[in-house]
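No lab work stands behind these numbers, since they all come straight from the coordinates. Predicted model only: the values in this text are computed from it and were never measured. Ideal geometry is used to build each Cβ from the backbone, glycine not excepted, and the neighbour counts take in all protein chains shown.
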Amino acid sequence: MQRGGWRIPIRGLLTVLTLALAGCGFQLRQTPDLAFKSVYLAVAPTSPLGTELKRHLAASNVELISDAGQQAQAQAILDILSEVRTKTVVGVSATGQVREFQLRLNLKFRLRTPQGKELIPETELVQQRALTYDEVFALAKEGEEQLLYRNMQSDIVQQILRRMAAVKSL
């Protein structure tokens, strides 16, 4: 058998896979197309979720209006009504030591026009994750907790953006 005998079948397989992906309409995720070009974001200035949301909206070529006095010039107003992070004990050992937590991120928001027309009614989004715990690794588990909250926050921001992209008319 020749030395490069497997190259032709592997190249053929890669070519077929590439054509199949191109033919099925596969493409990388892009920034959403929004029906409005300016948004007033009513969120606490210290909110990490608000910061990430602002960054994604700016990447979508949406003008962010930050002055509350100018919110009437915005085509849409995104109200973040509440953002709550909770940490609940869900598992303990026989000696009463915590073994597992449940982390939750609850967010309520709505999207409306400056005239008061609701584009997205009050909606609650919830993300939750399980976090095992061991006192020996307390510092590492604290870092893992922050990472899980950031992950939930990113998921919620993506959900908000997809819902905003679904709004087709003002």
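What is the calculated FRET efficiency for Ser82 to Phe137, with r their C-beta to C-beta distance and R₀ = 35 Å, to the nearest 0.05?
Details: r = 32 Å, r/R0 = 0.92.
After rounding to 0.05, the efficiency reads 0.60.
Amide H contacts of Arg99: Gly91, Val92, Ser93, each under 5 Å away and 5 or more positions distant or on a separate chain (H built 1.01 Å from N in the peptide plane; Pro and chain starts excluded). Pairs of Lys residues in the chain, spaced 8 or more positions apart or belonging to different chains, with C-alpha separations under 24 angstrom: 12 in total.
Once you mark the trypsin sites (Lys or Arg not before Pro) that are in a DSSP loop and have at most 11 other Cβ atoms within 10 Å, what is the longest gap between them in the chain?
Details: sites that count: Arg3, Arg29, Lys117, Lys168.
Here the longest run is 30-116.
Could you give the longest part of the chain that holds none of the chymotrypsin sites (Phe, Trp or Tyr not before Pro) found in DSSP loops with at most 15 neighbouring Cβ atoms within 10 Å?
Values: sites that count: Trp6, Phe26.
It runs 27-170.
The HN-Hα couplings worked out from phi for segment 59-71 by the Karplus form 6.51 cos²θ - 1.76 cosθ + 1.60 (θ = phi - 60°) are 5, 8, 6, 9, 6, 9, 9, 9, 7, 4, x, 9, 5 Hz, whole numbers, x standing for Gly and Pro.
May I ask you to derive the FRET efficiency for Ser47 and Leu21 from their Cβ-Cβ distance with R0 = 30 Å, giving the value to the nearest 0.05?
Working: r = 38 Å, r/R0 = 1.28.
Result of the calculation: an efficiency of 0.20.
Note: relative contact order over segment 31-166, using C-alpha pairs below 8 Å and six or more positions apart, is 22 percent.
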